[in-house]
Amino acid sequence: MAVDPSDDHDRLSCGNSVDALLGDMLSGGLTEHESACEYCRAQADELRPLVDAVRRDGEEEATAPPGLLTDVMRVVRAERRSEGTIVLTGPGPGGTEVRESAVAAMLRTSAASVPGVVVGRCRVEQTREGLSVRATARIAVGFPIPDAADAARRAMRSLAEQRLGLPVVRLDIDVVDLDDPDRGR
């Protein structure tokens, strides 16, 4: 039986995946369901600071919008799960905390641009030295596994370091399956 590393992503109460919502946000528009659904709208509000950070790529000195820290901390305090947080620091004093799962979703999405690679489970932890990431992936048949995994690693590292300002000290990708479109025939 093939292992599907993508089936363990966070799902909202409506059944929509956080990754699908994030992908729609990054592409510029929510689906009709996501725009109307209370669960999707709430998750979109939580992900918006990260999406905005990714979109600011290339700006010299980005400043947080007014009320960002208050909004993010409200969401963090309201979260029932005892999940860890990642601190995003900026040019000024202090930092903004976001859930590890939100950063993991961003990292999975960053690897979606790599042909032949589907990143599944992604776990992140922030240490004193920087971000430690461990992910699983499926590679399509016909793509060299080391090259595809390395390209996914570069995409994830680029997002974390260049767009979110998080140094990466370790980034492991475990290839757990091969995607073969002819397998089911």
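For the range 114-185, a simple Cβ point-charge model (Lys and Arg +1, Asp and Glu -1, everything else neutral) yields a dipole of about 240 debye relative to the Cα centre.
Using packing as a proxy for protection, rank 21-34, 94-107 so that the peptide with the highest average count of other Cβ atoms within 10 Å comes first.
Numbers: 21-34: 15.1, 94-107: 20.6.
The most tightly packed comes first, giving 94-107, 21-34.
Here Arg170 and His33 are evaluated by their C-beta separation; at R0 = 41 Å the FRET efficiency comes out at 0.65. For Glu97, the residues whose modelled amide H falls within less than 5 Å of its own, excluding neighbours fewer than 5 places apart on the same chain, are Leu88.
Across the range 113-185, the fraction of Cα-Cα pairs farther apart than 14 Å, rounded to a whole number, is 59%.
A short reminder: the numbers here are calculations on the coordinates, not readings from a lab. Just so we're clear, the structure is a prediction, and the values are computed from it rather than from any experiment. Because the Cβ atoms are built from the backbone with ideal geometry, glycine has one as well, and the counts that use them run over all protein chains shown.
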